[in-house]
Structure formats: structure tokens, C-alpha cells
Amino acid sequence: MHPRDLTGAFLAAAGAAGGALLAARTDPHSAVPAALAGGLVLAAAVSWPRAKAWVAWAAAVTAAASLTGTAHLLTTGREHDGDGGLIAFMEVGGLLTLLALVVRWTSWRTTLLVGGATATAVITWILRYLPSYEPLAVVGGSASMAVPATLAIVVGGYPRLAQARLDRSVRSARRAQRLEIAHDLHDYIAHDVTAIVAQAQAARYAFGDDPARLAGTLARIETVGLQALSAMDEMVAVLADAEPAAATRAHPDPGDLPDLVEGFSTERGTCRVDFAQDARAADPAATSWQVRAATHRIVAEALTNVRRHAPAATRVAVTVHVRDDDRLVVTVVNDAGAAGSPRRRASSGTGLHTMRQRVQALGGDLTAGPDSGGRWVLRARLPMRPGTGHG
């Protein structure tokens, strides 16, 4: 046992012994609970914070002694032999302190059981000192003691509720961070890994007899693999609360889109890819970083879905332009038609559904489906600056 706990136990024993001695001069029904309350409060103060583990037991024992003394006087019909004085206030003060500690530091079940018993002991304590037991006097006396009992509950309960709100806020922030990282894993790393798989398959089946093309494909696999590793390093740095060495993916630039599309065009040599971006859409100063990031992710997600779900596509068109109403429109079309629609996966929590939520959060909308010509069309409309009007 820790020395502080030994000191606390000694103080509690001394308080109990003192109460036994005082019982010879005053009413034992007040002396014993007062000694327990004073001794245990001193013990808790000396051994804090280890006292959190046993403060509920201290409150339960003190409340039981107080209730027993009150019940004995009421059932025997005896009148209190003294005026209480310091002993009486030591008892009620100790009960109120223990009540606040129980409400603050114990479980909800313990708070209801032990805290309720301690509050009852405080409220009925006054009955020992009433001049008569007329109903009006009993109700008035009990109501007067309910006020300090309520204050003790508030003193213990307010910081407890504040801590609970803080814990919920921290859990919510952590969950949001985990979801953000999961989305980044899908939007960026899955895009790169899918490209690696596609190029590896092409190298295996198409370029086996062409060493030059095989070497080029392997070089692209290496490049994309290094990009995926770099993105992983950035996410691990975020999880470790470290500053990323090079957060190049955090705020994509419109100038990144041609490279993104060119990489897809190179790895899908049998698929023609057309890219068009007007001058205003290509100007980084014209859009917010949220819109630039969303645009980059929309195009990456659409091309990843072509790799996965539209292997028969022979032509993909990516266009990014600004309408007259200052809405940025991103369109990705492939000629695989309905065959290019993303297959629904039971475990899917990301992909187009997540992208649609991101776009809606920015004040835009995203649609995906076959058009009248049998092509698969993904189209997103975004405000140039989040918070501008819808259109």
C-alpha cells in the first residue's frame, strides 16, 4: 500500500476513534456518522487520486451510518439529546463532499445507487434536529436540505458532463480523421495500385515478346508504385501527428490533370483518351483549393472505375470547363456504356457514393449513368468557390 494510503487509513481510523469518544458526550447517532464522514474525507484528500477507486465505498458506508442513526431516532420516537453543533455539521459536510466525489468520479450505476443513498442521507439528516415532526416541519426541513444536496450534485456533475462532451468531440474528430484517411486511401492509393495492376497485366499478356515495350511498362509501374508509397508515407505522418515531408497531394493544382490523364492514356495503349480544359478552369487562382482537390479526385475516381469496370472501353473523354454561371463542370465519358458502371460491392463505403457526398458538401452535384448514345457519363458540377449559389 502506498504511504499516502496508509496515512489516509490512519486518519480515517483516528476519526472513527474520535467519534467513539465523542459519543460519550453527545448523541452517538450523530457522533459515529460524523467521525466516519470526517475521517474518510481526510483519507480521500491525503491519498488522492488513488481514492477514486474507493470513494464510492466510503460514501456508501457513511450514508449507511447516517441513515441508520436517523432511522433509529425516528422509529424509537426519541428526541435528539443535543443541539448537534460542530459534530452535526461535520457529518453533513462530509456527506456532501462524498456525494460530489461520487457523482464526479464513479460509473453511472454507482452514481445512481450510492449517490442516491448519500443524497437521501443528507436530506433526512435534518430530521434529527427538528423540534417537532409535524408534516409541514418535516417537508420544509427536508426541502431545505435538498438544496445543498442538489448543489453537491451539480458541483460533481458539471465537470463530468463537460468531460463527456469533450470525449465525444474527440471521438467524433478521430472518426472524421479516420474516414478522411480512408477516403484518401481510396481516391489516391487505390488509383495508383489499380494502375500498377493494369500495367502489370498488360506487361504479362501483351508485351512479353517486346522487350522495349516491356521495359517501358515496368518503368511506369515503378513510378506509380513510388507515388503510392509517397502517399502512404504522408498518411502515416498524419496519423503520427507529424508534419508530412512533402504534402504534394493535399492541394492538387489544375495543372496536375493533364499528367493524370496522360498516365492513364499511356497504360491503356488500346484506349484513346481525349482531354480538354479551358483557360479559366486551368487557372489555380480562379477556384478554391477544395474545388481543385475535388476535381482531381473526381477525375482519378472516374479513370480508376474505367480500369476496373470498363476494360472494353476504347475511348475516354475528360473535359473540365467553366459555364457562364460560374459553375465548374467535370465530365468523364467512356464508350463502354452500361458495362462501365461500377459494380456494387457489399463492403463498399467509398467510391462514387463518397465522391457524391464530397461534391454535395461543396454545394454541387454529381451524376453517373448511361446516356442516350449508350456511353457511360460521369458529370460533376461545382461552384468555383464553395458557398456560391447553386445552378
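Worth a mention:
- Taking the Kirkwood radius as Rh and the Cα radius of gyration as Rg, region 264-323 has a ratio of Rg/Rh equal to 1.03.
- Accessible surface area normalised per residue over region 29-182 is 53 Å², counting heavy atoms of protein chains with a 1.4 Å rolling probe.
- Region 279-338, accessible surface, carbon-and-sulfur percent (1.4 angstrom probe): 54
- Net +/- balance of residues flanking TRP105 in space, Cβ distance below 11 Å, scoring K and R +1, D and E -1: +3
- Two-decimal log10 I(q)/I(0) for region 55-175, as the Debye equation yields it once each C-alpha is a single scatterer, q = 0.14, 0.22, 0.23 Å⁻¹: -0.62, -1.21, -1.28
- When TRP125, TRP57 are compared by accessible surface with a 1.4 Å probe, the order from highest to lowest is TRP57, TRP125.
The values are calculated or read from the model by the stated rules, or taken from the named source; none is laboratory data. These numbers were taken from a predicted model, which means no experiment stands behind them. Reconstructed Cβ throughout: ideal geometry from the backbone, glycine too, with neighbour counts over all protein chains shown. Areas reflect the complete protein model, heavy atoms only, side chains present, ligands, DNA and RNA absent. Shrake-Rupley method; radii C 1.70, N 1.55, O 1.52, S 1.80 Å.
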